[in-house]
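**Q** If you scroll down you'll find the structure; I have some questions about it.
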Amino acid sequence: MPLWWYRHRWPSMRYFAIPSFTEGLVRINLRGRERDGIVDIEDYQRTCEEVIAEVRSATSPLTGKSIVAEFFMMRAEDPFDPAGAPADILFRWSDTTQALDHPTAGLIGPVPYQRAGEHDGTGFALFNGDGIAPGDLGTRPGLDLAATIQTMLGRDPVNPSAGVSILDMQ
């Protein structure tokens, strides 16, 4: 994955993207948590807000709309929790796009086909069982699959970004 190419630069970056197939994952290079952390805990919230504002300002050149559908602060309660999510911020994209337009960085892309990163978070699944009403729920994020399986197993969702169980939608 192309994001791994820059891993050797992460120690000098305030934040960096973690490779992912469907979401945007950003980790803050937090002093005291990362080996080479450079962001002080006092600047953690401000840095997260900066990242969110920058990413949300990017738009699709085809639609003019933000590329971000929603975002989650994954480690807001305790960024030092060793059992916490790998990313500090998770972005869900509003639509699949091969390029983006940013107010300061300009036009980025298009991303060539047949490369990592052109995946989207949708898929196809059939469910049958107690509590599942027949019908078509339309296109759902791929993470809804994990949330549904967790519900069927009687487990609570891992985190608020883990999708929505189809059992909770009926």
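The values are calculated or read from the model by the stated rules, or taken from the named source; none is laboratory data. Being a predicted model, the structure only gives us computed values, none of them experimental. As a convention, Cβ positions derive from the backbone with ideal geometry for all residues, glycine included, and neighbour counts pool all protein chains shown.
Okay, residues lined up against (1) part of a helix (DSSP H, G or I); (2) touching a Cys at 6+ places or on another chain (Cβ under 6 Å); (3) more than 29 Å from ALA146 (Cα to Cα):
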position: TYR6; (1), (2), (3): yes, no, yes
position: PRO11; (1), (2), (3): yes, no, yes
position: SER20; (1), (2), (3): no, no, no
position: GLY37; (1), (2), (3): no, no, yes
position: TYR44; (1), (2), (3): yes, no, yes
position: THR47; (1), (2), (3): yes, no, yes
position: GLU70; (1), (2), (3): no, no, no
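**Q** Something else: Please find, among LEU107, LEU145, the residue that is among the aliphatic types (A, V, I, L, M), at pLDDT 70 or above and in a helix (DSSP H, G or I).
**A** After applying the criteria, what remains is LEU145.
Results for (1) within 26 Å of LEU143 (Cβ to Cβ); (2) in the same structural domain as ASP144 (by TED's automatic domain parsing); (3) modelled with pLDDT of 95 or more, shown as yes or no for each residue.
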position: VAL26; (1), (2), (3): yes, no, yes
position: ILE41; (1), (2), (3): no, no, yes
position: SER57; (1), (2), (3): yes, no, yes
position: ILE67; (1), (2), (3): yes, no, no
position: MET74; (1), (2), (3): yes, no, no
position: PRO86; (1), (2), (3): yes, no, no
position: ARG92; (1), (2), (3): yes, no, no
position: GLN98; (1), (2), (3): yes, no, no
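**Q** Would you pick out the residues in segment 16-56 that are among the basic types (Lys, Arg) and surrounded by fewer than 18 Cβ atoms within 10 Å (Cβ to Cβ)?
**A** Answer for segment 16-56, where residues must be among the basic types (Lys, Arg) and surrounded by fewer than 18 Cβ atoms within 10 Å (Cβ to Cβ): ARG31, ARG35, ARG46, ARG56.
**Q** Shifting gears a bit: What is the one condition in (1) surrounded by fewer than 15 Cβ atoms within 10 Å (Cβ to Cβ); (2) among the hydrophobic types (A, V, I, L, M, F, W, C); (3) assigned to a helix (DSSP H, G or I) that PHE80 does not satisfy?
**A** Among (1) surrounded by fewer than 15 Cβ atoms within 10 Å (Cβ to Cβ); (2) among the hydrophobic types (A, V, I, L, M, F, W, C); (3) assigned to a helix (DSSP H, G or I), PHE80 violates only (3).
**Q** Any residue in segment 101-128 that's under 25 Å from GLU54 (Cα atoms): show its pairings with residues that are among the basic types (Lys, Arg) and at pLDDT 75 or above at Cβ separation under 8 Å, as long as the two are six or more apart or on different chains.
**A** GLY121/ARG92
**Q** Please tell me if SER60 is in contact (Cβ under 8 Å) with a residue 24 or more places away in the chain, among the polar types (S, T, N, Q), crowded, with 17+ Cβ neighbours inside 10 Å and within 28 Å of ASP144 (Cβ to Cβ).
**A** yes
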